[in-house]
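The values are calculated or read from the model by the stated rules, or taken from the named source; none is laboratory data. Note that the structure is a prediction, hence the values are computed from the model and not measured. Cβ placement follows ideal geometry from the backbone for every residue including glycine, while neighbour counts extend to all protein chains displayed.
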Amino acid sequence: KHKNPGLQKYALDCVLNYKNKSVIPYKNNLHNLVDEKKFKDELTQFKITKDSEAIQPDHREHVIPIILRILYGKMTTKLAADKKGGGQTRRSLIMRYLSGCNEDELKMFIDMAFSYLKDYMTMETREIYTSINKNIDLKSVISPGKLHSILNLFDVVREYFGGYMKDQLLSEFFKIFYAVCSNVASVLSNVEKVHISYVKVMKNLRTLAISILGKLFDHFDKYIWSKDELFVIFKCLIWPLVPRLPIEGVNNPTPLLKLFNTWCQNPRYYTLFVTCDENDSSLSVLPFIFKLIIAPKTSPGVVNLILDMIEKLLTLIEDEEEKEIPKIESFCTLIVKAEDKADINFGSQILIPHLPSILEVMKRRIA
């Protein structure tokens, strides 16, 4: 999986010297994948989907790992054309090609691409967070550049492979995201010991992570988020930022508000709005959204977005298909006092404590 095509060729020759009967028939194909000039044409002609039958079923377990290593190397090569988007084009080409892999093969690629975080892949979700938090050493943290590239690659894999992954593989894949978020959060929790420029970079990474999280909730709308996953998400990304939403969100919708807007599109996520901190029940999402909407300097664009969110909460209910999917259970939730009011949807029930704020906004609009 080396980035250098010359070294890739030598490595491939070494592998072929073993004369594995399952690999030898594909010798030319593999050489063409290594060859920069023939690489694109070979991707077009040498299909790895099961339907294409270019690779015999009993050969796949030997050939596919070699292809994955070659293509991972190709994907991470810095091209001269990178500045013109050549690297992006190549990456898209490779990812589309690899979507022909089965789930086990995708897992192999994920393990390879994110080997830097392999220690976390075997941990339980909450353990990732507690382990990183407990063992944080500010003298030897993962560099922001590395975390940034991991997040970017994570998002690319989500985009191209996400639809092919079942929940089990998704939950393993998401651990990469939790590991990055936990690393960022652990640095930012020691902000007084960290150089100001480093803090800024880490905050930018957290913002990127929130944007990616919004895509996860949007893309995997039937995924059954576990309590531990939600715990890590809230600890790393929600609780540190939501108290500042009424100040930071007045001019434009922040990535955090956009995430909440994504939650509003799906009744399965409404329980997240009444999720609260285990040690402080006053720390939950909705109060800060309403502080933002009634703040005097909040821009019309932000107010309109929140009103749209409120409308979704008031009107959306799960359809029959969604009712069959297990409900999301959060790690700690507020008691919803209107649960006995069966004639209104859950979104409306959780808005009842905030009716004064809604009425205040309506009063201003009429005035």
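Of everything in region 230-255, what is part of a loop (DSSP other than H, G, I, E, B) and over 17 Å from residue 184 (Cα atoms)? Give them in sequence order.
The answer is 249, 250, 251, 252, 253, 254.
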Can you pull out the residues in region 22-38 that are surrounded by fewer than 14 Cβ atoms within 10 Å (Cβ to Cβ) and within 35 Å of the chain's Cα centre (by Cα)? 36, 37
Candidates 64, 24, 48, 70 - the one that is at pLDDT 90 or above, among the β-branched types (Val, Ile, Thr) and more than 19 Å from residue 107 (Cα to Cα): 24
Report, ordered by the first and then the second residue, all pairs with beta carbons closer than 9 Å, sequence separation of six or more or different chains, a first member in region 212-231 that is modelled with pLDDT of 95 or more and among the polar types (S, T, N, Q), and a second member that is surrounded by fewer than 18 Cβ atoms within 10 Å (Cβ to Cβ) and in a loop (DSSP other than H, G, I, E, B). 226/329
Checking residue 201 against (1) surrounded by 16 or more Cβ atoms within 10 Å (Cβ to Cβ); (2) under 24 Å from residue 271 (Cα atoms), only one condition comes out false. Which one? (2)
Could you list, ordered by first residue, the pairs with Cβ atoms under 8 Å in which the first is in region 271-293 and free of Cβ contacts under 8 Å to residues at least 60 places away in the same chain and the second is part of a helix (DSSP H, G or I) and surrounded by fewer than 18 Cβ atoms within 10 Å (Cβ to Cβ), at least 6 apart or interchain? 283/243; 288/243
Residue 19, sole failed condition from (1) at positive phi; (2) surrounded by 14 or more Cβ atoms within 10 Å (Cβ to Cβ): (2)
If you go through region 166-180 one residue at a time, how many are closer than 18 Å to residue 133 by Cβ and either at pLDDT below 95 or over 10 Å from the mean Cα position of the chain (by Cα) (or both)? 2
Which of the residues that make up region 92-106 are buried (at least 17 other Cβ atoms within 10 Å of the Cβ) and in a helix (DSSP H, G or I)? 93, 94, 95, 97, 98, 105, 106
Tally time: how many residues in region 5-53 are touching a residue at least 24 places away in the same chain (Cβ under 8 Å) and part of a loop (DSSP other than H, G, I, E, B)? 10
Which members of region 133-155 meet the condition of being within 16 Å of the chain's Cα centre (by Cα) and within 22 Å of residue 231 (Cβ to Cβ)? 147, 150, 151, 154
Which of the residues spanning region 251-295 are closer than 20 Å to residue 219 by Cβ and basic (Lys, Arg)? 258, 268
